[in-house]
Structure formats: C-alpha cells, structure tokens
Amino acid sequence: MSYELTIEPLGVTVEIEEDQTILDAALRAGIYLPHACCHGVCATCKVTVEDGEVEHNESSSFALMEFERDEGKCLACCATVEDDITISAEIEEDPDARTIPIRDFEATVSKIESLTPTIKGVWLKLEDGEAFDFQAGQYVNLHLPDDIGSRAFSVASVPTSGNEIELNIRVVPGGAATTYVHENLTVGDEIKFTGPYGRFFVKKSADMPVIFFAGGSGLSSPRSMILDLIEEGFDKPITLVYGQRTRDELYYHDEFLELAERLPNFTYVPALSDEAEGSDWEGARGFVHEAAKDHFDNDFRDHKAYLCGPPAMIEACISTLMQGRLFERDIYTEKFISAADAQQVRSPLFKSI
Amino acid sequence: MDMKVPAEKLGLTEKYHLLTRDLAWDPSYRTNKEIHPYGDFEGIKIHDWDKWDDPFRMTVDSYWKYQAEKERKYYAIIDAHAQNNGHLNITDARYLSALKLFLQAISPAEYAAHRGFARAAREYEGVGMAVAAEMQAIDEIRHAQTQIHGLSNYNKFYNGFHGFTTQRDRMWYGTVPRSFFDDAMSAGPFEFIIAIGFSFEYVLTNLLFVPFMSGAAYNGDLATVTFGFSAQSDEARHMTLGLECIKFMLEQDPDNIPIVQAWLDKWFWRGMRLLGLVGTMMDYMLPKRVMSWQEAWKIYGEENGEALFRDLARYGIRKPKGWETAAESAKHVPHQIMLGMYQWRFGTAFHVWPPSDEDMDWLSEKYPDTFDKYYRPRWEYIKQREAETGEPHLNMGLPKLCQTCQLPTWSTEPGEPEKLVQREIEFDGETYHFCSEGCQDIFEHEPEKYAGAWMPIQGLIRDFGEDVPGWMEWVNLIPGKDNMSYHGSEDEQNFKAWKAQTTASS
C-alpha cells in the first residue's frame, strides 16, 4: 500500500510506502532533507506536518519533545504514515546539489588491493550498461552479509567511471564490517550497496580556490572531488593538505606528487604526525592543521575548505581555519553522527561545523 | 523517474530578503556616516553587511498573527485568574515578596530593553540586524506590559506592588537593574547588543527566567507561569539573535575580537552581580523552593556556558574573566544579600523573614561548604537577639554602595568568606568604592561614565539627612504596610483571613 507524500516548500509529491520513513521516501525520490543520525536522536531532520498524521516510532523524547509533537513536528527519519501527507521542511536551495534518486545496486567485487597495512582498496563493478550516478564526495551504504548490516563508505573514484566504483576501507579493530571486508571479502563476491548519500560535494558555483583537508581514512571523498575537478578543467588553485601517522600509511602519495608536478594549479601538502625520527621523509612533520597553517601563513581568506577525517582532526582544522579568518559559510565537513555524538553537549553557536 | 516537479516557490531566504532587507535603500543626499553616526565610534569594524545571516525569518505580518494568538490565550487566563481569586491559590503570602522583587526589578528592565533595542536598531547600518533588533524591541515592550498586567491583579489585594515605577529610579536596590540597563543603553549599539542581546539574553537568561517561572509554578501562581510561557516562546528568537550578532562581529574583522572579549568580561560580571538578587529570591523567598541558586548556576550557567565558550574558543574568545569567581561566589551571595536585606528591612518594599529551622536545614544541605560555617550562626544570633529583646534587629547605618553595580558592598573577598570587600580608588579627587575586582575593573576602564552615576544612598543622605519618613514618601514606600517583616504584616493577616473564608462552611 502506498500513499502520497508532498514536500513543501518545493511542492513536490512523491510516493511513500507503508512502513517507509518520510526521510527514506524523500531521499529515494532525489529530494534532500537535512538529516544526520537516521535513528531519531539528533533532530537534524525535524520537519512540520502540514496535513495528515504520522507515527513517531522510535523518535527520542529528547530530540522531539512532547510540545513539539503537539505542534505537529516530527523526525523524518523515524516518522511513517498511514495516509497521504504534506510536510514542510527548511530546505534552502543549493545550486550545486544535483537531484539524484537513491537506488539499490548489485555489484561484483572486481579487485581488492592493499593500499597500506591497514587500508584496502575495494573495486565494485556493476553489470554492463549500468552506472552509478553520484556527485564526487558522496557516500554509499555497503550491505554486508551475515547480519552485519550496512556501513557508510565514501566513494574514492570519480563519477565518470560510474560502472566501477572504488572504496578505501580501513580495518577498525573489533569492527565486524571492516574485519569482514579485510578478511573474508574476495574478488568475484556479489555485494549490494545503496546510494548516493550525503551533502559533501564541491560548491562549484562559488568558483573559488579550494583547500582539501584529509586525514586517516578520510581521503576518499577529497580524492574523488579533486580528480573530478581536474577532469572538468577547474582552473582555480586546488590545495590538498593530507596527513597520516607514518609514511607507509600515506596511500596515493605518489599519485598526488605526480599531479602536483603536472598541474600548475594543484598543490600537495603531505604531513606525517608520527614518522620515525631520522627517516628519509622530507615533507612536513606534525598534524594536518599545523601543516596548513604554515603553508597558508595563517590566512585562509577567500577559499572554500573541505574537511574529511577523524573528529579530532576536523575540530583542530576548524579552529585553525577560523583563526585564519575562514568561517562556517566556507567550511564543509562530512560528519557521520553516532548515537554517542548526539548526546554531547554543544552550544547552538554553529549549525554545520 | 517520471515525476512532475512544479515550479518551486521562493526559498525561505529569498522570501525573507524581499520582505525585509530589500526594503532598504541607499541614501543619495546624505552619507551613511551622517545617518548612522555611532556606527564606528566603538572601534567595531564591519566591512560587509551582506554577510549578516538572518538568525530567524519572522516578518511583521507573521509576528502579529503569532503574538496576537499568544496574547488572546494569556489574557483569557489572566481574566480567569482574577475572577476565580487566583491570588488565594498561592502557597502562602510570603511568595508575594518574590513577585514584588520581580515587578520592581525585572519588569522595568524589560521596558529598558525595549528602549535599548529600538535605539540600537536605529544605529545599525545593516538592515538585517536592524530589523531583528526592532522585532526584539516589540517583544520587550510586550513582556513589560504582560508582566505589569498580570501582577496588577495582586496589586488589588496586597501591599508593595504600587510603587514599582518610582522605585526603579529611587529605591536603593531598584537602581541595581536600572544602572545595568542604563549602562548598556548609553553604550554604543554594538556594546549594547553584546551586553543585552548576547550576555544577558543568551548566557544568563535561563538563570533569570527559569527560577522565577518554576518558582511561580511550584507556588501555585498561574498568572506568572503564563506570562513566563508567553515570554519564553520569544526567547529562542532572542537567543539566536544574540548568537548571530557575536558571530558576525567576530568574523568581520580580527580587530573586533579583543573589543568583544572585553565586553564579555564586563557584561558577564555585571550580569552575575545583578542576578544575585534572583539567587536571594530562590533561596529565601519561596515558600516552596525549586532548587538552590548554586544548583541553578551549575545547570544553567556552568553547563551551558562551558559548551558555548568551547565553541567560541574557535574564534579565539575565552571564558569571561570572572567565570571562576562567579562559581565560587554562588555559594555565598544569596546569604550575604538576604542578611543585608533583613537588617535594612525598614527600607524594602517587600517583606522579609528569617529562615526557619527547617529552612536552615535545607540551606545547609544545599550549601554544605558555606551555610553552617558562615551564615547559620549569624541567623541564629539575630533570631536569638530578637527573641530576647522583642525588638527587630535592624542596621540603622546606611550601606556603602559599589560605584559600578550599585549593590551595597556586602560581599566578601573570593576565597576569604570572612573578609568583607574593601576596595576603593581615587578618581578626579573623589573616592569610589567597589564590591569586587570585576566591578572595579569596569570602573577603571571608563571612569567618567560611572563617576557620574546617581547613587541612591548618597542621594538619601544629601537630600533627606535623618528624615527617613520623608525619604520613604519620596520612594513611594508606605511604612508599616510595604516594609519590615512578613510576620505580623497586613499581607499575612489578609491572606490568612481570605483563605480561611474560601474553606469556611458558611
């Protein structure tokens, strides 16, 4: 049984199944609603029900208070319907967001390669003639067998090679999904994924110099975004500040060296935070934010900055950028919110960083 | 996918711009500098007003619709409260002292905030900020009005509610909030918005409103609870405006950061001094207490504030200078203020009473480090002395006032709870006194501003000398009715008699 879901202020009507959440129905129709945790704790996806009734399901009573329920608010990631419904959401138009419906894909593992001692590159090939359409920087949910469930991974390859996508997956000690990928996944396996998800993509319409900050296993999105910009002939300066602990973890280092050599508008700033004293490493030693501050001489004005990496790195980079005069409106991060993050006490000073 | 996508409506931002900012114009025969003469005199540099991000998108037409609905609900409840003798549903008439303090100190402050926002709105060159400040100016006058209307019901039955407009200007504790708002209003438009829009409305507002409104709820005062709800639904807007203002100023120019930091230091300290009166109300005036002042500070001050200043650190802003001192003084301030007020109760337009044994047990539980050690012995001494002599224990000497916050210098040095603060400096041939390092710093930064302040105790001595009844008439305080102890007061007798009638069988 399906009903009609109308989304204001866009005025778009899409189908929604019984038991399907409002968020899922909207995203699958290519309409972006703000969301983060996807299980009713962070309140990012709060929308107003203009007409109709919803079931709140597992929406947390902290994320959606009683009086808000009375006022017709609901969390789109949990709310389901049993009749036609109209909602209104605080949607700002983003000229750089493409409307790409989220779909399920069936793929075959076509290649697995050890990029570093802890990171594997995994290539997933679709059937001939099929292509995965996405914006560079977006992620997919990879569905793993044995009741492991699904996990989000950013796509490391460019959209133009849509028949085969590349994921870079770091093994998390004790993590069921990443351990499965590292120890059990083999070439020829069939695997499903859903996507594309996320609002992390280059604001090409701004047409400004860009800085990418990548650390740990956060290189995938920046790499895809950089390669995509280069393919398109983007002519403003592109800088990648890329950090790992040691040289043997610094994957795709040679590729970026080669790009920097070849392209006048691409600058590569690698930094190692824990490289052994006296090794032959000649690049920066220290954290990503320190290398960036030195490289830009503490002045980040008139850039767009894209940050991807572990939370401590993101936090340090945001402070460094802000003290170097680049602020929230020009800083973009990809955040994966867990239930634990949603409990953290934050002030409402910042909305997106 | 064959989905028809109809023409999109205007985005929220575009729509709001059309209804607000785009109504502005560029002056042709006068310069911006002539029109906004105070735009740059504080040293705040604004390069690009278009970077102002509207913190909320309320237009006058939607504001009117929304507020009219709220007022309808509010006045229906106020009418019902009056018709059903709601004033007899309160726990007991001691609670009225909290309301009198609110009316004498807070409602005039709402009105002052209205004037301040209206004036600041006029000074901003950027239309986005001006429109937001104008909207808040209307809120603030509504708050003053609804509070005065709500409390006018009590004025029909009880003493001490009639003189709040005079007392704001003349009463020795009334000038504490007055000087706070006068200081903000006579500053430039950017300091005003940091003082009231950010420090007061964002950092401290919950410390003011939650205690009063939960106090009202716990003590059966439906009228006050209702204006509390009505006002609080505006607070979210006020808070987001305060946040946007500070972000905007910090982002516009690095030279703004030290200026804003100094204002945060100043206004946090001024706010904490002012809110000491709220703490006194919470710990000593509510027949049914909600939480202690120290607990309120921990929840609404420390926890929220720590999170906020962690985020502001990204800009290079640190916690206000007096932060740690404020935490320490929260253990002492309500007791010191109440001991002072009790002894000067001939000059308060509300009733006071010493804490009962039960009250004192609650206070020692809530203030385990300080109450039994420093304050219980003093209350016991006062109570014993009054029992022995049958005379009220009064302090007929007049207090020395802090030149900055205008509170009596009844507080102690941080970390030395047995040492009264004795701070004074010479300026222009005169001696000025201070209640704390924070207030002295504020004076020393702008001595001309505070040296000229009208001080109520000095005014009393100069204009009335020994003529205390003459002073009482001048401050609109009716002796024997408005002042002195609750026990034996007309308010106590009337409340008991009327309450008895409601439960009598004939």
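The values are calculated or read from the model by the stated rules, or taken from the named source; none is laboratory data. Computed from a predicted structure; not experimentally measured. Cβ placement follows ideal geometry from the backbone for every residue including glycine, while neighbour counts extend to all protein chains displayed.
Brief remarks follow.
- Here A:ALA152, A:ALA156 are screened, and the one residue that is in contact (Cβ under 8 Å) with a residue 24 or more places away in the chain, within 18 Å of A:CYS308 (Cβ to Cβ), of a type in the set (Gly, Ala, Ser) and touching a Phe, Trp or Tyr at 6+ places or on another chain (Cβ under 6 Å) is A:ALA152.
- Evaluation of A:LEU27 against (1) under 17 Å from A:GLU92 (Cα atoms); (2) in a loop (DSSP other than H, G, I, E, B) (one fails), failing number: (2)
- The set of residues in segment A:6-18 that are under 21 Å from A:ALA63 (Cβ atoms) and either assigned by TED's automatic domain parsing to the domain that holds A:ARG151 or surrounded by fewer than 18 Cβ atoms within 10 Å (Cβ to Cβ) (or both) is empty.
- Flag: A:GLY188 does not match the condition of being without any contact (Cβ under 8 Å) to a residue 40 or more places away in the chain, at positive phi and not assigned by TED's automatic domain parsing to the domain that holds A:LEU307.
- The condition of being of a type in the set (A, V, I, L, M, F, W, C), within 19 Å of B:TYR284 (Cα to Cα) and more than 25 Å from the chain's Cα centre (by Cα) holds for only one of B:TRP362, B:TRP353, that being B:TRP362.
- Matching residues, segment B:456-471, being farther than 21 Å from B:SER179 by Cα and not β-branched (Val, Ile, Thr): B:PHE464, B:GLY465, B:GLU466, B:ASP467, B:PRO469, B:GLY470
- Residues that are touching a helix residue (DSSP H, G or I) at 6+ places or on another chain (Cβ under 6 Å) and small (Gly, Ala, Ser), drawn from segment B:165-212: B:GLY174, B:ALA184, B:ALA195, B:GLY197, B:SER199
- Once segment B:12-49 is narrowed to residues that are of a type outside the set (A, V, I, L, M, F, W, C), outside any loop (DSSP other than H, G, I, E, B) and touching a residue at least 40 places away in the same chain (Cβ under 8 Å), the residue that is surrounded by the fewest Cβ atoms within 10 Å (Cβ to Cβ) is B:ASN32.
- Going through (1) within 14 Å of another protein chain (Cβ to nearest Cβ); (2) without any contact (Cβ under 8 Å) to a residue 40 or more places away in the chain; (3) under 24 Å from A:GLY11 (Cβ atoms) one by one, A:VAL49 falls short only on (1).
A quick yes/no check of all residues on (1) in contact with a strand residue (DSSP E or B) (Cβ under 7 Å, 6 or more places away or on another chain); (2) buried (at least 20 other Cβ atoms within 10 Å of the Cβ):
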{"residue": "A:TYR197", "(1), (2)": "yes, no"}
{"residue": "A:PHE212", "(1), (2)": "yes, yes"}
{"residue": "A:GLY215", "(1), (2)": "yes, yes"}
{"residue": "A:SER221", "(1), (2)": "yes, yes"}
{"residue": "A:ASP228", "(1), (2)": "no, yes"}
{"residue": "A:ILE238", "(1), (2)": "yes, yes"}
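- 2 or more residues more than 24 Å from B:GLU201 (Cβ to Cβ) and not charged (D, E, K, R): qualifying helices (runs of 4 or more DSSP H) within segment B:284-350: B:333-343
- Close pairs (6 angstrom Cβ cut-off, 6 or more residues apart or separate chains): farther than 14 Å from B:ALA187 by Cβ in segment B:437-448, of a type in the set (D, E, K, R) anywhere: B:GLN440/B:ARG423
- Identification of strands (runs of 3 or more DSSP E) wholly contained in segment A:147-260 with 1 or more residues that are among the β-branched types (Val, Ile, Thr) yields A:164-170, A:190-197, A:210-215, A:238-244.
- For segment A:102-149, filtered to residues that are within 14 Å of chain B (Cβ to nearest Cβ) and in contact with a Ser or Thr (Cβ under 8 Å, 6 or more places away or on another chain), the residue that is surrounded by the fewest Cβ atoms within 10 Å (Cβ to Cβ) is A:ARG103.
- Conditions (1) surrounded by fewer than 21 Cβ atoms within 10 Å (Cβ to Cβ); (2) touching a residue at least 24 places away in the same chain (Cβ under 8 Å); (3) more than 19 Å from the chain's Cα centre (by Cα); number of the one not met by B:ILE246: (1)
- Of the residues making up segment A:120-131, those that are modelled with pLDDT of 95 or more and either hydrophobic (A, V, I, L, M, F, W, C) or out of contact with any helix residue (DSSP H, G or I) (no Cβ under 7 Å at 6 or more places or on another chain) (or both) number 6.
- Residues that are within 10 Å of another protein chain (Cβ to nearest Cβ) and at pLDDT 85 or above, drawn from segment B:201-238: none
- Pairs where the first residue, in segment B:175-193, is without any contact (Cβ under 8 Å) to a residue 40 or more places away in the chain and the second is in a helix (DSSP H, G or I), C-beta under 9 Å, 6+ apart: none
- The single condition from (1) in contact (Cβ under 8 Å) with a residue 12 or more places away in the chain; (2) part of a loop (DSSP other than H, G, I, E, B); (3) away from every other protein chain (no Cβ under 14 Å); (4) surrounded by fewer than 18 Cβ atoms within 10 Å (Cβ to Cβ) that A:THR99 fails is (3).
- Number of the exception - B:SER199 against (1) in contact with a Leu (Cβ under 7 Å, 6 or more places away or on another chain); (2) surrounded by fewer than 23 Cβ atoms within 10 Å (Cβ to Cβ); (3) within 30 Å of B:LEU308 (Cβ to Cβ): (2)
- Assessment of segment A:205-218 against the conditions (at pLDDT 95 or above and at positive phi) yields no matching residue.
This table checks each residue for (1) part of a helix (DSSP H, G or I); (2) exposed (fewer than 15 other Cβ atoms within 10 Å of the Cβ).
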site: B:TRP64; (1), (2): yes, yes
site: B:GLN67; (1), (2): yes, no
site: B:LYS73; (1), (2): yes, yes
site: B:ALA76; (1), (2): yes, yes
site: B:ASP92; (1), (2): no, no
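- Test: B:THR165 is surrounded by fewer than 23 Cβ atoms within 10 Å (Cβ to Cβ), of a type in the set (S, T, N, Q) and part of a helix (DSSP H, G or I): yes
- Test: B:ILE193 is within 14 Å of chain A (Cβ to nearest Cβ) and β-branched (Val, Ile, Thr): no
- Failed condition for B:MET285, given (1) within 11 Å of chain A (Cβ to nearest Cβ); (2) touching a helix residue (DSSP H, G or I) at 6+ places or on another chain (Cβ under 8 Å); (3) of a type in the set (A, V, I, L, M): (1)
- Unmet requirement for A:THR320, which otherwise passes all of (1) within 29 Å of A:GLU166 (Cβ to Cβ); (2) within 14 Å of chain B (Cβ to nearest Cβ): (1)
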